[in-house]
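Comments concern the structure below.
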Amino acid sequence: MIDERHEELASLHAFDLLEGAELAAFESALSTNPELPKLVEDLRNTAPAIGLTAPLVTPRPELRARILASLPARAASPATPAKAEATIIPFRLALWTGWAAAACFALVSAYFGSRYFAATSETLALRQDIELTRIEAQSSRQQIEAERILATRQIADLEKAGDIANLKIARLADLLGNSPQAVAVAVWNPLKQEGVLTVEKLPVLQNDQDYQLWVVDPAYTNPVNGGVFTVDAKGLARVQFRPDQSVSAVTTFAISRERKGGVPKAEGPIVAAGTF
Amino acid sequence: MPTQGPTSACMSRASEDSPSPADVQAQNRADAELLRKIAGGDRDAFAQIYDRFSRPLYSVALRILHDANEAEDIVHDVFISLWNKAPDFEPTRGSALGWSITLTRNRAIDRLRSRRRRSELLEQAAPADLGYEENPPDSATSPGELWLKEKASAVRRAITDLSADQRAAVELAFFGGLTQQEIAARLQQPLGTVKARIRRGLLKLRDTLAGRL
């Protein structure tokens, strides 16, 4: 059984893309998983086929002649040296013991030295690998966060664009004639069922009175309460309102003067009204 | 290149107009025989191998290096290597052509990496930018040339069957002379994604081309 991780390493190996710790780990896996060498051989024999996708181009004819002319002579088998007259040297153990010990020491030192350097370089490669993985993860996180922010903005922009396209605006005119300069504008968002009322130069009311906004929808017998408000000394007010009941076909906004706190059904005089 | 039983439905596409597995095996045996003769010092066999392999090997070197003179140098070195290493060739481990392409790719990539103007040339090595035109062979009707063209067509069809992402990843892995990280940077994808694309692409190629390499 070959898992995806080893398939991946085998594929990278086929393109000579493995290095350091990855290569060491893969070579180790090669010796322990009997199915892996076959996959490696298959992939290493498949990869060169990609070379055949290169557009076929013919080299200059001179190249053939140049190569054929530069072929080196086939190296002859190394000549067997003539056997010299054998001279028998008596073996003296004491003479060789010191040299043998030194040679063994040198071999052992070389072995452990090479192991040390191999382990050191492998550790270094592993650290680099870990660092790369960490950077990659961090980069991915940042990318996801950036995409999330971007998506949120796009959604907000879309919502905003949708809201603006659906907004309805009504200018309310003075009905009583006692404040002809009064200006009242209602901006209504039918999707959100809310709006903003801005008034200027409305007369300041007595302390026991409030202005009350009414939303007229033919679906209801009586205008729907949009809330109460007061104006400042200059007759200014800007209030966000939401009708008590859901309205689907608003035709008119009206402002009446009512007793403090408002009333469920308009009783006082209508001071301003306007339609879309 | 080794053979393997049909394992994928997508093989049908690769088999259109491509050499049959039996033809492929026969041609591979003939190439192996030429290499055996070359190992024995047969210069005529070497000339035959040159005539068969020079176009694909030169094309691979040119695709990697984008420089005709350097590509010729590489092909020169590779054929001298084939002459010297012919005794080492093991026909049971793959085809002579695949072995030769691998030698060419390795040398071309070594050259690419050692170039002073490396960064500029890597820009030119983008998979979609071939930068040169395919030209017709001198002996278009020779059986060897025809066989090569059919085989190349089968591989191109198999490559086309990969998704665009997989194709870009495996082509860059083969021709680009880049590290894993450089491939990921070039494709502007996370490293893990690139590794997965190379894995899926190469496994699919193996299945599609089974018995045809």
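Overview of values
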{"quantity": "From the options B:77, B:73, residue that is farther than 25 Å from residue B:27 by Cα, part of a helix (DSSP H, G or I) and out of contact with any strand residue (DSSP E or B) (no Cβ under 7 Å at 6 or more places or on another chain)", "calculated": "B:73"}
{"quantity": "Which numbered condition residue A:224 fails, given (1) at pLDDT below 90; (2) of a type in the set (A, V, I, L, M); (3) out of contact with any Leu (no Cβ under 6 Å at 6 or more places or on another chain)", "calculated": "(1)"}
{"quantity": "Test for residue A:158: is it farther than 19 Å from residue A:229 by Cα and at pLDDT below 75", "calculated": "yes"}
{"quantity": "Of all residues making up the stretch A:1-18, the number that are in a loop (DSSP other than H, G, I, E, B) and out of contact with any helix residue (DSSP H, G or I) (no Cβ under 7 Å at 6 or more places or on another chain)", "calculated": "3"}
{"quantity": "Subset tally (residues that are closer than 14 Å to residue A:66 by Cα, small (Gly, Ala, Ser) and in contact (Cβ under 8 Å) with a residue 12 or more places away in the chain) for the stretch B:28-70", "calculated": "1"}
{"quantity": "Within the stretch B:154-168, considering residues that are touching a Leu at 6+ places or on another chain (Cβ under 9 Å) and at the interface with chain A (Cβ under 10 Å from one of its Cβ atoms), the one farthest from residue A:55 (Cα to Cα)", "calculated": "B:158"}
{"quantity": "Selection count, the stretch A:184-211, where residues are among the aliphatic types (A, V, I, L, M) and out of contact with any Ser or Thr (no Cβ under 9 Å at 6 or more places or on another chain)", "calculated": "4"}
{"quantity": "Condition met for residue B:204 (within 7 Å of chain A (Cβ to nearest Cβ) and crowded, with 20+ Cβ neighbours inside 10 Å)", "calculated": "no"}
{"quantity": "Residues that are in contact (Cβ under 8 Å) with a residue 24 or more places away in the chain and part of a loop (DSSP other than H, G, I, E, B), drawn from the stretch A:211-231", "calculated": "A:217, A:218, A:219, A:220, A:222, A:223, A:230, A:231"}
{"quantity": "Subset of the stretch B:163-207 [small (Gly, Ala, Ser) and in contact (Cβ under 8 Å) with a residue 40 or more places away in the chain]", "calculated": "B:168, B:176, B:177"}
{"quantity": "Test result for residue A:203, out of contact with any His (no Cβ under 7 Å at 6 or more places or on another chain), closer than 19 Å to residue A:174 by Cβ and either free of Cβ contacts under 8 Å to residues at least 60 places away in the same chain or part of a loop (DSSP other than H, G, I, E, B) (or both)", "calculated": "yes"}
{"quantity": "Residue within the stretch A:248-257 that is assigned to a loop (DSSP other than H, G, I, E, B) and surrounded by 12 or more Cβ atoms within 10 Å (Cβ to Cβ) present", "calculated": "yes"}
{"quantity": "Single residue of the stretch B:34-69 satisfying the filter (among the small types (Gly, Ala, Ser) and under 18 Å from the mean Cα position of the chain (by Cα)) that is nearest to the other protein chains (Cβ to nearest Cβ)", "calculated": "B:59"}
{"quantity": "Residue B:206 part of a helix (DSSP H, G or I), more than 17 Å from the chain's Cα centre (by Cα) and not hydrophobic (A, V, I, L, M, F, W, C)", "calculated": "no"}
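The values are calculated or read from the model by the stated rules, or taken from the named source; none is laboratory data. These figures come from a predicted structure and were not determined experimentally. Every residue, glycine among them, receives a Cβ derived from its backbone with ideal geometry; neighbour counts consider all protein chains shown.
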